[in-house]
1. Quick one: which residue in GLU302, GLU284 is at pLDDT below 95, within 20 Å of TRP208 (Cβ to Cβ) and touching a Lys or Arg at 6+ places or on another chain (Cβ under 9 Å)?
2. Can you spot a residue in segment 110-118 that is without any contact (Cβ under 8 Å) to a residue 40 or more places away in the chain and surrounded by 21 or more Cβ atoms within 10 Å (Cβ to Cβ)?
3. List pairs: first in segment 86-103 and assigned to a loop (DSSP other than H, G, I, E, B), second basic (Lys, Arg), Cβ under 8 Å, 6+ apart or cross-chain?
4. Please list, ordered by first then second residue, the pairs with beta carbon atoms under 8 Å, 6 or more apart or interchain, first in segment 253-265 and surrounded by fewer than 19 Cβ atoms within 10 Å (Cβ to Cβ), second basic (Lys, Arg) and at pLDDT 95 or above.
5. Pull up segment 119-162, narrow it to residues that are without any contact (Cβ under 8 Å) to a residue 24 or more places away in the chain and in contact with a Ser or Thr (Cβ under 7 Å, 6 or more places away or on another chain), then point me to the one that is nearest to ILE190 (Cα to Cα).
6. Taking the condition under 30 Å from PRO84 (Cα atoms), within 23 Å of the chain's Cα centre (by Cα), surrounded by fewer than 16 Cβ atoms within 10 Å (Cβ to Cβ) and not aromatic (Phe, Trp, Tyr), does LEU172 pass?
7. Tell me whether segment 241-262 contains one or more residues that are of a type in the set (Gly, Ala, Ser) and in contact with a Cys (Cβ under 8 Å, 6 or more places away or on another chain).
8. Taking segment 381-420, which residues are outside any strand (DSSP E or B) and either crowded, with 18+ Cβ neighbours inside 10 Å or touching a Ser or Thr at 6+ places or on another chain (Cβ under 7 Å) (or both)?
Amino acid sequence: MELRSRRILFVIVILLSGFYTYLGTAIDTITASQPNRDPETIISNGSDFILGFFSPGISSNRYVGIWYNKKSEPVIWVANRNKPLHDASGVVSISEDGNLVVLNGQNEVLWSSNVSNSVTNVSAQLLDTGNLVLHDLTTGISIWESFQEPTNTFLAGMELSSHMRTGPIVQLRSWKSPSDPSPGSFSFGIGSSDIPEGFIWKDSQVYWRTGPWNGQLFIGIPLMYSSYIDGFQLLADGQTGFVNFSYSFPNTSMFFVLTTLGILEERDWDDKKNDWEVTFWSRETECDVYGWCGTFGSCNPEKKPICSCLRGFEPKDMEQWSRGNWTNGCVRKRPLLCDRINKTGEVAKEDGFLKLEMMKLPYFAERLPIPVADCREYCLNNCSCIAYAYDAGIGCMIWTVSLIDILKFPKGGPDLYIRLARSELEKDNKVVVIVPVVAGIITCAIFTFFLWRWMAKHKTVKDKSRALLLDRDDTCSVENFNEVELQELQDLPLFDLETLATATNNFYLTNKLGQGGFGPVYKVTLAD
């Protein structure tokens, strides 16, 4: 009896251990035998992410998604974004051919991982990175992952890939609306160009640019100069033409989302506020919209109007420009040297360059493997070169097509050198000379004016003092005496200067009695 009890206890222990093992592995995993049914969820091992069914915004449709296990629960990936469920009958499972699938109540496939090689022994696991990975349990390798098919969110460890000639391979795609996760009008990825840079496209048209990549950051995003020197990585294979862009910041819950309005937002979790803080990477102002000021136009959000033609250029359509429609851009006022020689045959002064500081460099830059000392001369000696710039991480860049999407930064950003006819630069030099001269003349005039005011004021005070003295002297005049006093005054004896000199011993100091308001007073000794 005792032996039988021990055997029963042993079987119970084995069953319980198997049950708890199942619980431990199934919490973040989907298998063919253990699918995920609405409203069930699975959660990553570290409890950072959840996978399950959800209804976005005011919609009643059901989608399979992954979201942060935070209070605000932003959805970072959607499986069946093109085919929603209209009820709660959805199931996420592993199909017979080894694909991860979303099924409705009629077992119709609404979404599939579409792995071509048939593998039967597989499972799908949700990782703490937010990546849903389909594993071949036989070989242990990954045969599919959600990071390869992102929706509108760029997570740490994810790679946006592109080919330098054919364009984006893995890119973000915005939701159509906050209640509809189906693909919207905007996408974000790495474009095909001579120098890698990121783009937001609106219906396949360029909507915003990051500027060229210099090995550490995109030089067209001032925010990156101060905050993101070491976190981002862009790897370009010159032989294959493939480009991969990723980022990694330890101990942070940071991600990027492309909104329905085409804005690339950075979101950081704030433990104190218990919410996400949002920083805009694109579309802070209208200047961020690609080509807002047209060709050869420069945008400055701190000025009114925000668009202006580059120096040496004028609006192509003045009427439209004055109305605030700047898309037609600007045209050159005076032809460059090569154009003047070809058209008139004249021998003229060579062109020069105007320096524009802290700029978002225009699109369509070409990179040259030459040192900075040769960059200017190369552009000057090449009739097709209309501008150049230099960045230590990129090297010499030149432009041979119309300059577009130029933006003035308040800080950060490289310098851009625009090629102008010599007459435009000489005109500019005259302005540089005239302005200080005029400023000096104005300063002298102001100084002279205030000096004159001071002298006039001083003269007025002096005149008033003199008038007061005269008034004081008038108190001793005849008009100020009555008849008796006047008679007494007339009875006083009068002495000439010679008599007074004799009486005072020629005004000798020993005869001086003192000093009064009208002068010295002397003792007089008359002859009688």
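The values are calculated or read from the model by the stated rules, or taken from the named source; none is laboratory data. Just so it is clear, the structure is predicted and the values come from calculations on it, not from any experiment. Here the Cβ positions follow ideal geometry from the backbone for every residue, glycine too, while neighbour counts run over all protein chains shown.
1. Criteria check complete, one pass: GLU302.
2. Yes.
3. HIS86/ARG62; ASP87/ARG62; ALA88/ARG62; GLY90/ARG37; GLY90/ARG62
4. Qualifying pairs under 8 Å: THR260/LYS176.
5. Among those residues, the one meeting the criterion is VAL133.
6. no
7. No; the residues of segment 241-262 include none that is of a type in the set (Gly, Ala, Ser) and in contact with a Cys (Cβ under 8 Å, 6 or more places away or on another chain).
8. Within segment 381-420, SER384, CYS385, ILE386, ILE394, THR400, SER402, LEU403, ILE404, ASP405, PHE409, GLY413, PRO414 qualify.
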